[in-house]
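Structure first, then comments.
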């Protein structure tokens, strides 16, 4: 005797359940696969370093610290105003600059420059930095993040590909070879 040509209800529901489970597994696998292959994409992205102009050198007089803004090079169409970033530019002399991220190294609040006291101060938790970006007092454990810069054709450029994020604990080892809180 041969098998019947129709599907039983049990067989049809079993196949339908397997199909739906396969679809859900495929949808859930997309972010997992993306996470696993993200280091490959990240190394490709880091190779694409771009220098962002901050302005002409005459905008930054020697001995002064000024606020400058730039457009982030890794912009998405939905970023809008959030793609604009700020930084503090300190002109030491005609060709020597220090370009600091605006974020405090404690929790990322924007620091302000006070020219009277020649200090950067964080309004959130009282972090204070000297004019060279070094930590003066407060909860931050290190100085302000400093962008790489270059001067070309009378303009100041920064490499803003690197984001100011807290480092590993090995960055926090002081002169005695111990962690500052240990």
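Assessment of segment 124-132 against the conditions (at pLDDT 60 or above, closer than 26 Å to residue 58 by Cβ, assigned by TED's automatic domain parsing to the domain that holds residue 69 and part of a loop (DSSP other than H, G, I, E, B)) yields at least one matching residue. If you go through segment 46-58 one residue at a time, do you hit one that is in contact with a helix residue (DSSP H, G or I) (Cβ under 7 Å, 6 or more places away or on another chain) and either at pLDDT below 85 or under 16 Å from residue 154 (Cβ atoms) (or both)? So far as segment 46-58 goes, no, none of its residues is in contact with a helix residue (DSSP H, G or I) (Cβ under 7 Å, 6 or more places away or on another chain) and either at pLDDT below 85 or under 16 Å from residue 154 (Cβ atoms) (or both).
The values are calculated or read from the model by the stated rules, or taken from the named source; none is laboratory data. Predicted, not measured: the structure shown is a model, and the values here were computed from it. Note that each Cβ is placed from the backbone with ideal geometry, even for glycine, and that neighbours are counted across all protein chains shown.
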